[in-house]
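Visitor: Supplied in structure tokens, the structure appears directly below.
The values are calculated or read from the model by the stated rules, or taken from the named source; none is laboratory data. Being a predicted model, the structure only gives us computed values, none of them experimental. No Cβ is skipped: glycine too gets one built from the backbone with ideal geometry, and neighbour counts run over all protein chains shown. Surface areas here come from the heavy atoms of the whole protein model, side chains and all, with no ligands, DNA or RNA. Shrake-Rupley method; radii C 1.70, N 1.55, O 1.52, S 1.80 Å.
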Amino acid sequence: MKSRLPLTLFLIAFTLSAWSQKVSPADTKATKKTRMLYTNLQQISQQGTLFGHQDDQAYGVGWWNEKGRSDVKDVTGSYPSVHGWDLGDIGISPFNLDTVDFKLMRQWIKATYKRGGINTISWHLDNPKTGGGSWDKTPAVKDILPGGPAHKVYLSQLNALADFLKSCKVGLTSIPIIFRPFHEHNGNWFWWGKGHCSEEEYIALWRFTVDHLRTQQGIHHLLYAFSPDRSRLDLSKGAEAYYYGYPGDEYVDIIGLDNYWDVGHAKNKKTLEQQEKDLIQSLSLIHKIATEKNKVAALTETGHSGLKERDWFTQRILKPLKENTDLNIAWVLVWRNRHKNHFYSPPKDHPAAHDFQVFFDDPHTLFEKDLRKVYKPGFEIINK
Ligand code: BMA
């Protein structure tokens, strides 16, 4: 009889290599559902790209807090699959910096989870030293670290954030959340940004924050997203530029990027072709880093305010993603629809709505309706 040894060895090696490539969260105590979400995000990124929208259920162009409404759903019939929220002003006010009621936000986070969508939270944290907003650039990072004169103030803000995150539960299950603090830190517009603290201080702040949430607060339902801003990232320097402020692999799950620059930013004078090349280069950079580190890459913020280009979604986002399916970008998230001059997904009847429908119909883009079981083994893509 022919020996089956080579086949058995091959199968063992194959299983081991598949196993070793599976991502696992930086938090070794991450909950089962958080782990599942992370592995599913990795798989999703190999098959398509999720679509995300900030504050999608809270308001849109010309409406505020209408049950079940969403500008994205008004056009496509589906909610986005990724829902962005922001905890700026938590612990200080019942409303976030953009006047979203935190109680309602919690309900929308729960509803999203129950429908099978994904929640991600950013934090436009007020300057703990001055009480001014995130854009108050008075240097503060050094002073809020342990031993610093404003450490207590920061701790109380962080603990308020932790209380909210802990309250995001359905029954006994904590809802997995992608947490994206201190974003765009390579830019100089926030108090945690470049020029207002040293790189070491920024890293210390990130690590302190994550350690505190994990150890003191016992929070294990978070995936952590790191997201520098493309406009301040020199692509010719590649990974070296990306790693400015990188707190370490034990502190990051999502290799993110905010990129409004290569998708038609008003100040970007490069040709469309060059912008597209730069976008692809920037996504290929995060893809490469994520692959090397066995993590997941995402375009954590993008968009074109006011959508003056009618075919922005298909030409600026879908085309580059479809032509480069090996980029493995788990999601793209566009910013909020505040009013008729500040919105990123087209309201119904807007000239860009038809193109957004085409974007939605494309098999590559994944909305909430297209997904099942993102928190379970063997997630499924349906409807496409
Ligand atoms: C900016 C704008 C602001 C908002 C901030 C935080 O891009 O939308 O109006 O306060 O994001 O959401």
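Visitor: Looking at Asp355, Asp370, Asp326, Asp349 in this structure, which one is within 23 Å of Leu283 (Cβ to Cβ) and loosely packed, with under 14 Cβ neighbours inside 10 Å?
Guide: Answer to the selection: Asp326.
Visitor: Here is a follow-up. Inside the range 243-267, can you point out the residues that are farther than 18 Å from Glu184 by Cα and not acidic (Asp, Glu)?
Guide: Correct list: Gly264, Ala266.
Visitor: Let me ask you something else. For residues in the range 78-99 being within 13 Å of the ligand (Cβ to nearest atom) and assigned to a strand (DSSP E or B), which is nearest to the chain's Cα centre (by Cα)? Spell out the reasoning first.
Guide: Here is the first cut: in the range 78-99, the ones within 13 Å of the ligand (Cβ to nearest atom) are 84-89, 95-99.
With assigned to a strand (DSSP E or B) added as a condition, the list becomes 84-86, 95.
Details: Gly84: 7, Trp85: 10, Asp86: 11, Phe95: 21 Å.
Per the stated criteria, the residue is Gly84.
Visitor: Going through the range 373-384 one residue at a time, which ones are open to solvent by 50 Å² or more (accessible area, probe 1.4 Å) and either closer than 14 Å to Gly48 by Cβ or at pLDDT below 95 (or both)? Don't jump to the end; show me each part of the working.
Guide: Restricting attention to the range 373-384, the residues satisfying the condition of being open to solvent by 50 Å² or more (accessible area, probe 1.4 Å) are 373, 376-377, 380-381, 383-384.
The answer is Pro377, Glu380, Ile381, Asn383, Lys384.
Visitor: Please go through the range 158-190 and pick out each residue that is assigned to a loop (DSSP other than H, G, I, E, B) and closer than 13 Å to Gly88 by Cα.
Guide: Passing the criteria: Phe182, His183, Phe190.
Visitor: Kindly establish whether Gly303 is crowded, with 21+ Cβ neighbours inside 10 Å and on the phi > 0 side of the Ramachandran plot.
Guide: Yes; evaluated as a whole, the condition is true for this residue.
Visitor: Those residues that are over 29 Å from Asp211 (Cα atoms) and surrounded by 24 or more Cβ atoms within 10 Å (Cβ to Cβ), I need them from the range 247-278; list them, please.
Guide: The answer is Asp262, Val263.
Visitor: Please indicate, with yes or no, whether at least one residue in the range 136-157 is away from the ligand (no atom under 16 Å from the Cβ) and within 22 Å of the chain's Cα centre (by Cα).
Guide: Restricting attention to the range 136-157, the residues satisfying the condition of being away from the ligand (no atom under 16 Å from the Cβ) are 138-157.
Retained after the next criterion (residues that are within 22 Å of the chain's Cα centre (by Cα)): 157.
Checking the range 136-157: at least one residue is away from the ligand (no atom under 16 Å from the Cβ) and within 22 Å of the chain's Cα centre (by Cα).
Visitor: Six or more apart or on different chains, Cβ under 9 Å: which pairs go from a residue in the range 83-101 that's under 17 Å from Phe182 (Cβ atoms) to one that's among the hydroxyl-bearing types (Ser, Thr, Tyr) and within 9 Å of the ligand (Cβ to nearest atom)? Could you list them?
Guide: Gly84/Ser122; Trp85/Ser122; Asp86/Ser122; Leu87/Ser122; Gly88/Ser122; Gly88/Ser134; Leu97/Ser134
Visitor: Identify the single condition in (1) closer than 30 Å to Asp326 by Cα; (2) hydrophobic (A, V, I, L, M, F, W, C); (3) in a helix (DSSP H, G or I) that Leu104 does not satisfy, given that it satisfies every other one.
Guide: Result: Leu104 passes all but (1).
Visitor: Filter the range 330-344 for residues that are under 23 Å from Val296 (Cβ atoms) and crowded, with 24+ Cβ neighbours inside 10 Å; which is farthest from the ligand (Cβ to nearest atom)?
Guide: Ala330
Visitor: Check the range 114-136 and report whether any residue there is assigned to a helix (DSSP H, G or I), closer than 20 Å to Arg69 by Cβ and open to solvent by 40 Å² or more (accessible area, probe 1.4 Å).
Guide: Taking every residue of the range 114-136 in turn, at least one turns out to be assigned to a helix (DSSP H, G or I), closer than 20 Å to Arg69 by Cβ and open to solvent by 40 Å² or more (accessible area, probe 1.4 Å).
Visitor: Could I ask something else about it? Please find, among Lys152, Lys166, the residue that is charged (D, E, K, R), over 17 Å from Arg106 (Cα atoms) and open to solvent by 60 Å² or more (accessible area, probe 1.4 Å).
Guide: Checking each option against the conditions leaves just Lys152.
Visitor: Let me ask another. Please find, within the range 50-73, the residue that is nearest to the ligand (Cβ to nearest atom) out of those that are in contact with a Lys or Arg (Cβ under 9 Å, 6 or more places away or on another chain) and of a type in the set (Phe, Trp, Tyr).
Guide: The residue in question is Tyr59.
Residue-by-condition table, conditions (1) touching a residue at least 40 places away in the same chain (Cβ under 8 Å); (2) under 30 Å from Arg310 (Cα atoms); (3) among the aliphatic types (A, V, I, L, M); (4) not in a loop (DSSP other than H, G, I, E, B):
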residue: Ile203; (1), (2), (3), (4): yes, no, yes, yes
residue: Trp206; (1), (2), (3), (4): yes, no, no, yes
residue: Asp262; (1), (2), (3), (4): no, yes, no, yes
residue: Ala266; (1), (2), (3), (4): no, yes, yes, no
residue: Asp278; (1), (2), (3), (4): yes, yes, no, yes
